[in-house]
Every structure is written in structure tokens, then in C-alpha cells.
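Working notes for the structure below.
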Amino acid sequence: NNQNIIQEIKKIKILDPACGSGAFPMGTLQKIVNLIQKCDEKVYSQKDLYELKLELIEKCLYGIDIQPIAVQICKLRFFISLICEQNKTDKLEDNYGFNPLPNLETKFVAANSLIGLKEKNKDLAGELFRNPDIDITKNDLQILRHNHFNASTAVEKALCRKEDAKLRKKLIELLKSDNMYDNEEAKQLSEWNPYDQNAVSSFFDSDWMFNIKDGFDIVIGNPPYIQLQKDGGKLANLYENHNFKTFSKMGDIYCLFYEKGFDLLKSNGHLCFITSNKWMRAGYGEKLRDFLASNTNPKLLIDFAGVKVFESATVDTNILLFSNSKNEQKT
């Protein structure tokens, strides 16, 4: 029935790995809200919409960007969306009718999406025999972050962040004692602080940052278009040794985002990107073409093929939707 559909919708995990100012996650939020409204005609009051949006933001939507200011603007978009579902009153003691805004530091993070951490112990035996305190501590951390998401006072937030730091430190020690990471990776994990709004993580790890181990149902976005040889090959040097099958020194960074997005999908998950269409014909796109042909299940490709939008401007972009339907690709 419709209520079962709504509950399944609320389980969806959606990531934008280059979220910028949050246009795609915000558009996704609105689409999900509209879909739920079609399933339940009663979800129309401001109170219902506020609570629904708050739940979807916490449980379903995630974003990453390498620019801290972009992440801040992204969070601002969501704050405004929630404020729009509330009515101003004249009661000071009731904060003029506005609920305290959620804390989104562990929902939208500043990090390099394309660089992950290498686990030393990924085999089945490692999963079976690892210290059970690791999962207990991770669960405690997620409960704490749920409390922080809803914390409404500076004192509450400060207490949550202090306890968060303790749990992160404990978890690092447990991971190190289980020999799951090299010292360098463990050091990177320990230095990541989600509440430092001016810092950028040099890595992204969905398990560590979002408590999502098995991948996302949907990966969306409009990743940046930057030639890897720009600035003397600075980006090419950064990503060359990270085992990207789509890497080409003369290529563009959005090609790497396709591969990374695929890797972040669950089995049968879907990726939809808007990107430049040059990968379809340029020499540097050969590796990406091979990757898409051999690893993904293309569903839809819309090529704008230089459509003239304005008198002096054309659109050299396409929209590509594909799914990860090969179960053997994900473990």
C-alpha cells in the first residue's frame, strides 16, 4: 500500500559527490516530498512538511564538496527550505514561531570526494574476527550525531561535539589495534573533525563520515569540468596513483567522478550526472567509454550536442543515467 511505499522511499540514500551550493540535493528533496505527497494526500500542512523535510534531510540526503564555502551555502539552502515551512509569530519566548535549525555538519562535508582510504583488512575473516567494540562504538557515535542534529542550544551542541571527539578517538584506537589501517590512514581519520567548518578533508570515506558502508542507492550531480593538465598537471599528479581506470593525464576530472560515483553505488543503484559530452568523442574519453561499456548498465543518455541556447552560447553537455546491476562488482 501507499504507506509501505512511503516507508521504502524514506530508506533511500542519495549522495551528490560534488554538491557545490546544493542545487541537486535540494531539488532531490523537493522531488521526494512531491512523491510522498502523491502517496499521502494528507501531507500538505506546514507542520507535516517541516517534519517530513527534517526527516528526509537527516536520513536520505548527503553531500560533499571540496570548497568549505560551497558546503556552507548548501546548508543555508536547506535552512531556508525548513524556515519556509514555518510561520512567524509575535512570541519571543517561542522564538517567534521558528524551530531551532538542525545541525548539518555530518550531512554535508568538505572533503576530496575522489580520494578514499585503503583498508588493510577487507577480507571476510577480517569482518568475522574484528573487535566487536568497533561496531558498538560506531553505533554510539551515530546515536550521538542524531542528538547533535537536533540539538537546539549551544550547550547541547558543545557537549555533543566533545563526546563526538572522544568516540572518534576511541574508534581510531580500536581500528589501529585491529590493524585495519596503516598509520598514515589512521592519522588522517583521527584528524578529520566534522565540526571544523574551515577545514577540508584530504579524503572521503562514506563509512567513517556518513556511517554508510554498503553504498548509496542514488548518486547524482554535475561534477566540475577541469582539465587534469591545468596548472602544470597539478591534478593529474594528485590522482595518477589512485588506481582510476578512467584516468588519463590529458583528461578531465569529471571522468574520474563517473568512476568514483559508480564505486559509491549499491548493487542495482543508479547514477545520474550532467557533464560535458566531450568524453564521447575525445581521445581522453576512451578509457571512460570502455569503463561505462564494461561496468555499467546505461539507462538513458541525452546528448545536447552543441544546442544553441543563446545567440552566442551553445551547450556541449549530456545527461547520462546508468545503474550498477552487476552484483559481482560490489562486495
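The values are calculated or read from the model by the stated rules, or taken from the named source; none is laboratory data. None of the values given here were measured: they were computed from a predicted structure. Cβ coordinates were reconstructed from backbone atoms using ideal geometry, including for glycine residues, and neighbour counts include every protein chain displayed. Heavy atoms of the whole protein, side chains included, go into the accessibility calculation; ligands, DNA and RNA do not. Shrake-Rupley method; radii C 1.70, N 1.55, O 1.52, S 1.80 Å.
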- line: Matching residues in the stretch 320-331 (in contact with a Ser or Thr (Cβ under 8 Å, 6 or more places away or on another chain), modelled with pLDDT under 80 and part of a loop (DSSP other than H, G, I, E, B)) number 3
- prompt: If you scan the stretch 14-25, which residues turn out to be of a type outside the set (S, T, N, Q) and surrounded by fewer than 20 Cβ atoms within 10 Å (Cβ to Cβ)?
  reply: 23
- request: Could you tell me whether residue 194 is under 17 Å from the mean Cα position of the chain (by Cα), at pLDDT below 95 and not small (Gly, Ala, Ser)?
  value: yes
query: Among all residue pairs at least 6 apart or on different chains, which show Cβ distances below 8 Å where the first residue, located in the stretch 192-213, is within 18 Å of residue 164 (Cα to Cα) and the second is part of a strand (DSSP E or B) and polar (S, T, N, Q)?
result: 192/201; 209/201
- request: State whether one or more residues within the stretch 119-137 are in contact with a Lys or Arg (Cβ under 8 Å, 6 or more places away or on another chain), open to solvent by less than 60 Å² (accessible area, probe 1.4 Å), modelled with pLDDT of 90 or more and under 30 Å from residue 258 (Cβ atoms).
  value: no
- prompt: Taking the stated definitions as given, is residue 163 more than 22 Å from the chain's Cα centre (by Cα) and without any contact (Cβ under 8 Å) to a residue 12 or more places away in the chain?
  reply: no
task: For the stretch 55-65, enumerate the residues that are surrounded by fewer than 19 Cβ atoms within 10 Å (Cβ to Cβ) and out of contact with any His (no Cβ under 9 Å at 6 or more places or on another chain).
output: 55, 59
- request: Filter the stretch 282-319 down to residues that are at pLDDT below 90, farther than 19 Å from residue 222 by Cα and either under 24 Å from the mean Cα position of the chain (by Cα) or outside any strand (DSSP E or B) (or both), then give me how many there are.
  value: 2
message: Checking the structure you have, find out if any residue of the stretch 226-243 is surrounded by fewer than 14 Cβ atoms within 10 Å (Cβ to Cβ), under 30 Å from residue 12 (Cα atoms) and under 24 Å from the mean Cα position of the chain (by Cα).
response: yes
task: For the stretch 197-205, indicate whether the set of residues that are within 20 Å of residue 131 (Cβ to Cβ) and surrounded by 15 or more Cβ atoms within 10 Å (Cβ to Cβ) is non-empty.
output: yes
field: Qualifying positions in the stretch 244-272 - of a type outside the set (S, T, N, Q), open to solvent by less than 70 Å² (accessible area, probe 1.4 Å) and closer than 17 Å to residue 215 by Cα
entry: 257, 258, 259, 260, 261, 262, 264, 265, 266, 269, 271, 272
query: Here are 42, 91, 47, 10: which of them is within 22 Å of residue 142 (Cβ to Cβ) and open to solvent by 30 Å² or more (accessible area, probe 1.4 Å)?
result: 10
- request: Could you please find all residues in the stretch 7-29 being over 17 Å from the mean Cα position of the chain (by Cα) and within 21 Å of residue 220 (Cβ to Cβ)?
  value: 8, 9
